[in-house]
1. Assuming 0.36 nm per residue, please report the length gained on full extension of the stretch residue 31 to residue 100 beyond their Cα-Cα distance.
2. Could you tell me which trypsin sites (Lys or Arg not before Pro) in the range 82-143 are loop residues by DSSP with no more than 14 other beta carbons within 10 angstrom of their beta carbon?
3. Between residue 162 and residue 92, what FRET efficiency comes out of the Förster formula 1/(1 + (r/R0)^6) with R0 = 30 Å and r the beta carbon distance, rounded to 0.05?
4. Could you compute the net charge surrounding residue 201? Neighbours are other residues with a C-beta less than 10 Å from the C-beta of residue 201; K and R count +1, D and E count -1.
5. Using a simple spin-label model with points 7 Å from Cα along the Cα→Cβ vector, what separation in nm is obtained for residue 17 and residue 56?
6. How high is the FRET efficiency between residue 109 and residue 24 when r is their beta carbon distance and R₀ equals 22 Å, given to the nearest 0.05?
7. Quick one: net charge around residue 111, please, counting Lys, Arg +1 and Asp, Glu -1 for every other residue with C-beta under 10 Å from its C-beta.
8. Separation of the range 67-111 and the range 123-139 by C-alpha centroid, Å?
Amino acid sequence: MSVAHQPSMFDVAEAASLGPLGARVTRHHLSRGAWLDHLPGWVLGSDDVLEVLLGDIGWRSDRRQMYDREVAVPRLLRWYAGDEELPHPLLAQARHALDEHYASELGERFVSAGMCLYRDGRDSVAWHGDTIGRGRSSDTMVAIVSFGSPRVLALRPVGGGESLRFTLGHGDLVVMGGSCQRTWEHAIPKTAKPVGPRVSVQFRPRGVA
């Protein structure tokens, strides 16, 4: 698989590393017990990670039933179980740093790493919550690290209401917590703008998907 990527002019670190978490994280309180943490540029030297992720790491296409026909899922997928080695050592470091930072709130460790490759602006994910498993009935967290071209993460309350939009750039971190997965929905909308590839790495606790 080959996906073209233009290296960032601003991410000039020679090797991939993590910035601090702590007070740099901005928390946005939503409603009904949901919240979202945002930290731009958490990963430094993120071009190095993206180059690996755009390689042959076992990306697969998927199909889903929509009404009376089967259609292609508009993105590529890769899922790593907790016992699988992640494709870049910085991702394991990121998961460990998230475990330490959110230990008192989450009460457990992040385990799996789901990955989505948005090849261009035509790739997207529709409105949804991560409600397969414990996210349907219990508070939990999903931590997402973005690599590549900026894309909009949109959120809206379940049942309707004003939506929020966050532009996630190269190396950015966003964490959805509290009741977010069952009381809010999120999406990556399509865009007609010329954009390069983006990889989303989603860390989840056991039993959340």
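1. Value of the extension gain: 22.3 nm.
2. On the way: sites: 95, 109, 119, 122, 134, 136; in loops: 109, 119, 122.
Taking the range 82-143 and a limit of 14 other Cβ atoms within 10 Å, the loop trypsin sites (Lys or Arg not before Pro) found are 122.
3. Values: r = 38 Å, r/R0 = 1.25.
Between residue 92 and residue 162 the formula returns 0.20.
4. Values: positive: 78, 95; negative: none.
Overall, the nearby charge balance is +2.
5. 3.3
6. 0.50
7. Values: positive: 95, 109, 204, 206; negative: 83, 99, 108.
Local net charge: +1.
8. The distance from the Cα centre of the range 67-111 to that of the range 123-139 comes to 14 Å.
Rule-based calculations on the coordinates, nothing more; no lab input. It should be emphasised that the depicted structure is a prediction, and the values quoted were computed from it without experimental measurement. Every residue, glycine among them, receives a Cβ derived from its backbone with ideal geometry; neighbour counts consider all protein chains shown.
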